[in-house]
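Undergrad: First, the structure itself, so that you have it in front of you.
The values are calculated or read from the model by the stated rules, or taken from the named source; none is laboratory data. The model shown is predicted, which means the values in this text are computed figures rather than measured ones. Here the Cβ positions follow ideal geometry from the backbone for every residue, glycine too, while neighbour counts run over all protein chains shown.
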Amino acid sequence: MLKQRVITALLLLPLVAVLLFVLQLPEFAAALVIVAYVMAWEWARLANIQDNLYRSFYAMVTSLIALGVWYLAPALEFWPSTWFIEWHLTSTLVVYWSAIAAWAVAILMMLLSKRHRSFWAQQRWPRLLLGTVIILGFWVSAIAIRGASTLIEPHKGAFLLLFMLLLIWGADVGGYLFGKLWGKRKLAPSISPGKTWEGFFGGVVLSGCVAVLGIHFLALPVPNYGLVALVVLLIAVVSVLGDLFESLLKRQVQIKDSSNLLPGHGGILDRLDSTLAVAPFFVLFATWLGWM
């Protein structure tokens, strides 16, 4: 299994590199519409939709909404520029803040899952709506980060996206290693028995190391070291919450993976569950710190 995971990851690396550094912004946005379609198809399975035709219909609707948001929005290059300065109504603004609200609902679902397990597990349409908002929120946020490039720094947005992914991977790898070596106290036994508090803090440490290297390499401004440390901690927390939420949904419908698309890894949602959660908050933090 580990060998298969490594092979799949190595095969995916060139694709990720092309998405981040080769495609122009409109092409990147179009490619992410395809990714959103696949994620929506997998999400339908998490909502206990068994029929492939219905899953495909849900995925198509989600993709068409993304294209509608794109059509109604300002030019891609200006998506993130006025979100936190001028509070005017745009399609991207609605999707972005709806995604933040959706993650608040997701956290509530996790907190109440043990007490109201049957209620949350049986609500198909709310879960589908929640999935659409979360996936579109990721789509908008990823494009916003990728669009942070300038004439002087043409690859700035791509490096920021890579930086975000490395922070998430640091939290994930650190959580796994520290959890395996020293994990004793369960973090969320009713949702993901394998996660421990020791693993969580190990993930925070490794993610912090990645942050130090990334900030230095990208020459990102550091207005306050305590503030940056807080942001890294919050990103690690949100990353874990995204992972736990997908684990909760899978546990409720009694499946192991969202799909079998990636050998050894499961589905795209299984690889991007934390990224779905982190992306909108990274936009908020990066704007707050002056990185975008």
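Undergrad: Of these, 277, 236, which one is modelled with pLDDT of 95 or more and closer than 30 Å to residue 40 by Cα?
TA: Exactly one residue qualifies, and that residue is 277.
Undergrad: Give 54, 37 a once-over and let me know the one that is loosely packed, with under 15 Cβ neighbours inside 10 Å and either outside any helix (DSSP H, G or I) or on the phi < 0 side of the Ramachandran plot (or both).
TA: Numbers: 37 fails: loosely packed, with under 15 Cβ neighbours inside 10 Å.
Within the list 54, 37, the selection yields 54.
Undergrad: Give the range 213-228 a look and list any residue that's out of contact with any helix residue (DSSP H, G or I) (no Cβ under 9 Å at 6 or more places or on another chain) and part of a helix (DSSP H, G or I), or say none.
TA: Result: 216, 225, 226.
Undergrad: Something else: From the list 78, 28, which one is under 22 Å from the mean Cα position of the chain (by Cα), within 17 Å of residue 144 (Cα to Cα), at pLDDT below 95 and not aliphatic (A, V, I, L, M)? Spell out the reasoning first.
TA: On the way: 28 fails: at pLDDT below 95.
Being under 22 Å from the mean Cα position of the chain (by Cα), within 17 Å of residue 144 (Cα to Cα), at pLDDT below 95 and not aliphatic (A, V, I, L, M) holds for just one of 78, 28, which is 78.
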